[in-house]
Number of protein chains: 2
Amino acid sequence: MNVSTLCLAFLSFGEASGYDIRKASTEGNFSHFVDASYGAIYPALDRLEGDDLVTRRVEVQDGKPSRHVYALTDKGREALVSQLMEPVSPDKMKSEFLLLTLCAEHLPQERLEQALDQRIAEIDALTEDLSSKSSDCNHAPSQWVIRFATLMNRTKRDYLKANRDALIALGKPAQSAAAE
Amino acid sequence: MNVSTLCLAFLSFGEASGYDIRKASTEGNFSHFVDASYGAIYPALDRLEGDDLVTRRVEVQDGKPSRHVYALTDKGREALVSQLMEPVSPDKMKSEFLLLTLCAEHLPQERLEQALDQRIAEIDALTEDLSSKSSDCNHAPSQWVIRFATLMNRTKRDYLKANRDALIALGKPAQSAAAE
DNA sequence: TCGCACATGTAACGTGTTACATGATTAG
DNA sequence: CTAATCATGTAACACGTTACATGTGCGA
């Protein structure tokens, strides 16, 4: 799925700026399953405006740079729906962590320990973030997604905690400077 | 993580051809957390050979095209380890399905139903595939990863099954030709 | 005062995908 | 007879990231 669709989807919940969309996709509600940077979002919004799928309104602000607020047009809403009607490609997950895990035998135990603990901490932080989000959001589909994400995170974390030591045991013991 | 690292990691388990690596990354053991195509793998192997991280041996076959079998060198193994020693970036998941889910309100119920059922079927197929894989593999770290993936899949599927109807209820009822 | 948050935007760059070319064998 | 599998490889293309430019106000 491309950034355009992401923008349309986000705008279907209300007006927003490119800045808002980026924040949502890297920190907010959307961040669990998409990711986009300015360099992708701004050109995408330009294109969408050119195709009359969104409108732009410049909100001049005092002291801060002016916001370009985008809103979905009827045509844009139709485009979004028709894009969501065609078959979705399967979920894809990229995990350097699992690649590292697979190579456990080549790595010093300290590295495995550190990688695991870091990952667990990351998930904990994310989970907390999620639960705070779910409370101040009463959009039903969003809650459905947040509940899903929360469950997946919890499951992941529990597995990592429960199987932490088993993985570490597979590493190379105390072979000091295996690094670099 | 780039394709080069993936190749090194795969070769750390034994000799393999580009074809093998691609199969592993799209169908096999690796497919849960990476994905790579020929267009990425072959050039990567070339580069690795140029850097003396792998060696190439051409195996002429009768009837079939000859296999280029690659093997990790000591330098290659070192490179792999040093790459796995530096910080791993967080897991990323891309899901068009969740984007669709988020837009449930704009979509006809039939679409949601179909998307959910398709996803559930996909996961079932994948799970079966995984369990068959785990039996004929006695590499401990691989089993650790496979068990992890299996658990995640089961959790995902259970959530989708349990919350299927709740999501469908959020869609637009029977508004026949909402789809273009 | 340093640097972050706000906010938009562009150009260079990296990386990977898609679609092809090639060609024999085997399964349906 | 058709399609798929085996198997390598390349070129065109799509897409996105990174790093910059620009500029103010606010909190540590």
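Brief remarks follow.
- Spacing of the modelled spin labels on A:ASN138 and B:GLU128, each 7 Å from Cα toward Cβ, amounts to 4.5 nm.
- Springs between Cα atoms under 10 Å define the GNM used for chain B, and in it the highest mean-square fluctuation of B:LEU151, B:LEU126, B:LEU98 occurs at B:LEU98.
- Plainly put, region A:3-85 has a radius of gyration that is 0.96 times its Kirkwood radius, both from alpha-carbon atoms, as the Rg/Rh ratio.
- Peptide-level mean, for B:78-84, of C-beta atoms on other protein chains within 10 Å: 5
- Sorted shortest first, the separations between the A:LYS75 label point and its copies elsewhere in the assembly read 5.8 nm; each point sits 7 Å from Cα along the Cα-to-Cβ line.
- A:ASN163 paired with A:GLN114, simple spin-label distance in nm, labels 7 Å along Cα-to-beta-carbon: 2.4 nm
- Count Lys and Arg as plus one, Asp and Glu as minus one, and take only other residues whose Cβ is under 14 Å from that of A:ILE123; the net charge is then 0.
- Per-copy distances of the B:ALA125 label point, shortest first, in nm (7 angstrom along Cα→Cβ): 3.8
- Rounded to 10°, Cα long-axis angle of helix A:74-85 versus longest principal axis of chain A: 30 degrees
- Taking other C-beta atoms within 10 Å as the exposure proxy, A:ILE41, B:ILE21, B:ILE120 rank B:ILE120, A:ILE41, B:ILE21 from fewest upward.
- Chain B: antiparallel DSSP beta bridges as a percent of all, rounded to 5: 90 percent
- Rg/Rh (Cα only; Kirkwood hydrodynamic radius) as it applies to chain A: 1.10
- According to the calculation over all Cα-Cα pairs in the protein assembly as shown, the P(r) per 20 Å bin from zero is 26, 51, 22, 1 %.
- Rounded to 10°, Cα long-axis angle of helix B:140-168 versus longest principal axis of chain B: 20 degrees
- Long-range amide H partners of B:LYS172 with built H, under 5 Å: B:LEU107, B:GLN109
Bear in mind that the values in this text are calculations on the coordinates, not laboratory data. This structure is a prediction, so every number in the text was calculated from the model and none was measured. Using ideal geometry, Cβ is built from the backbone for each residue, glycine included, and neighbour counts are taken over all protein chains shown.
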